[in-house]
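The values are calculated or read from the model by the stated rules, or taken from the named source; none is laboratory data. Every value quoted in this text rests on a predicted model; they were computed, and no experiment measured them. Every residue, glycine as well, gets a Cβ built from its backbone with ideal geometry; the counts of neighbours run over all protein chains shown.
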């Protein structure tokens, strides 16, 4: 028989502060999700009611028109005809108001996507950072989703301190990052520029930007929202702007490649409006002898770095076409790894250069004059960046996963997030097709504060803030 006074049979549950906090946080998250779901359903019902009311008014109008059609055809124009026309005008105006209301509704994109069997809508939970995460994703600290629709062209993303130029909704738009790391829409749009004709976007300073299109270059002032100067730099050069392969810009040097030819323009960029013919000061043409996989401007003034294709090498040129240095990379790299091209990422802060050959990456140190790192990744990145003194490497993959690593501890993923969740796409197939359109990542620091990571793809501009990894 059991002892009723046995202490072990009356052991009280043991509560811990972390356990209680976890329980409260879990319940709060559930309540917030339920609240958001209810708000979404409420908004959808309001829109549906408005739609039904509009249809009801339209049906009443059609009925009145049918009832009076015989009279109208047999009688001359009278004052009551004017009344019917006035009523018709009022119906049209009401319908227009309903359309405007629906378009101004915050969930109209989601509703349209649902009605047309498109991707799943972007829920407000994404903005509130309440979406489900795995253990690695628990490092999320802050995320903001700016806007989403169907992207039609290659995205562009350029950052200068807290200033952002990005292509959203088939427009080139300007944003700022405020003191709270929030992305603020400045309301500026570069009207008159077709996104499909843009080849490159560059910040000159916080108030000026240079847009390169197949027609030439245009200098914009951000504050004044107007064009300072523009020039068709392709007029007197045997250069097909439709077939630009590589683009780079630094200080006053604009580098473009076409097939295996390299062209460099020295630009005298004005701070005020000036005649078009005063922008270009000098031109340089270089033809590498070993083929061309990628080309960027170098660390020193008037130098460039070429990744060659015949033999996997880095060649450093001056603007006169003279080879200053040759660096062999292909001793342990098979031709298959770079048969489809390569990309260069220069880190001036640490005097290193990262070479991406599909899945394989190589890092060469100009200070140590040797290759300091090689690695073959499981998947090929679609976008990367390599910057800062601590050699921070950002890697974006085709499935929208973005990882932040450091060269010194490369095998450790220090920060990870997903640019666009699979639940927003409906299927893995949809995710692949959407991200084929392009995903770009970059990072910025504002006055030495914690870094801000940015990603742009599928017409979404996303910001992430991180702590203690840079």
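Of the numbered conditions (1) under 15 Å from the mean Cα position of the chain (by Cα); (2) within 18 Å of residue 459 (Cβ to Cβ); (3) at pLDDT 85 or above, residue 196 satisfies every one except a single condition; which is it?
(1)
Please enumerate the residues belonging to the range 338-369 that are touching a strand residue (DSSP E or B) at 6+ places or on another chain (Cβ under 7 Å), surrounded by fewer than 17 Cβ atoms within 10 Å (Cβ to Cβ) and farther than 26 Å from residue 419 by Cβ.
351
Conditions: (1) under 21 Å from residue 188 (Cα atoms); (2) crowded, with 16+ Cβ neighbours inside 10 Å; (3) touching a residue at least 60 places away in the same chain (Cβ under 8 Å). Residue 271 meets all but one. Number of the miss?
(2) is the only condition that residue 271 fails.
Take the conditions surrounded by fewer than 14 Cβ atoms within 10 Å (Cβ to Cβ), under 23 Å from the mean Cα position of the chain (by Cα) and assigned to a strand (DSSP E or B) and apply them to residue 187. Does it pass? I'd like the intermediate steps shown before the answer.
Details: surrounded by fewer than 14 Cβ atoms within 10 Å (Cβ to Cβ): yes; under 23 Å from the mean Cα position of the chain (by Cα): yes; assigned to a strand (DSSP E or B): yes.
When the stated conditions are applied, residue 187 passes them.
Examine the range 289-296 for a residue that is surrounded by 18 or more Cβ atoms within 10 Å (Cβ to Cβ), in contact (Cβ under 8 Å) with a residue 40 or more places away in the chain, in contact with a helix residue (DSSP H, G or I) (Cβ under 9 Å, 6 or more places away or on another chain) and not in a loop (DSSP other than H, G, I, E, B), and state whether such a residue exists.
Within the range 289-296 (the criterion being surrounded by 18 or more Cβ atoms within 10 Å (Cβ to Cβ), in contact (Cβ under 8 Å) with a residue 40 or more places away in the chain, in contact with a helix residue (DSSP H, G or I) (Cβ under 9 Å, 6 or more places away or on another chain) and not in a loop (DSSP other than H, G, I, E, B)), the answer is no, since none of the residues qualifies.
Which of (1) in contact with a strand residue (DSSP E or B) (Cβ under 7 Å, 6 or more places away or on another chain); (2) on the phi > 0 side of the Ramachandran plot is the odd one out, the single condition residue 388 does not satisfy?
Every listed condition holds for residue 388 apart from (1).
So which residues in the range 222-250 are within 20 Å of residue 268 (Cβ to Cβ), surrounded by fewer than 17 Cβ atoms within 10 Å (Cβ to Cβ) and within 23 Å of the chain's Cα centre (by Cα)?
Matches in the range 222-250: 247, 250.
Could you check, for the range 314-326, whether at least one of its residues is modelled with pLDDT of 90 or more and over 26 Å from residue 239 (Cβ atoms)?
yes
Please state which one of 227, 247 is part of a strand (DSSP E or B) and modelled with pLDDT of 85 or more.
Numbers: 227 fails: modelled with pLDDT of 85 or more.
After applying the criteria, what remains is 247.
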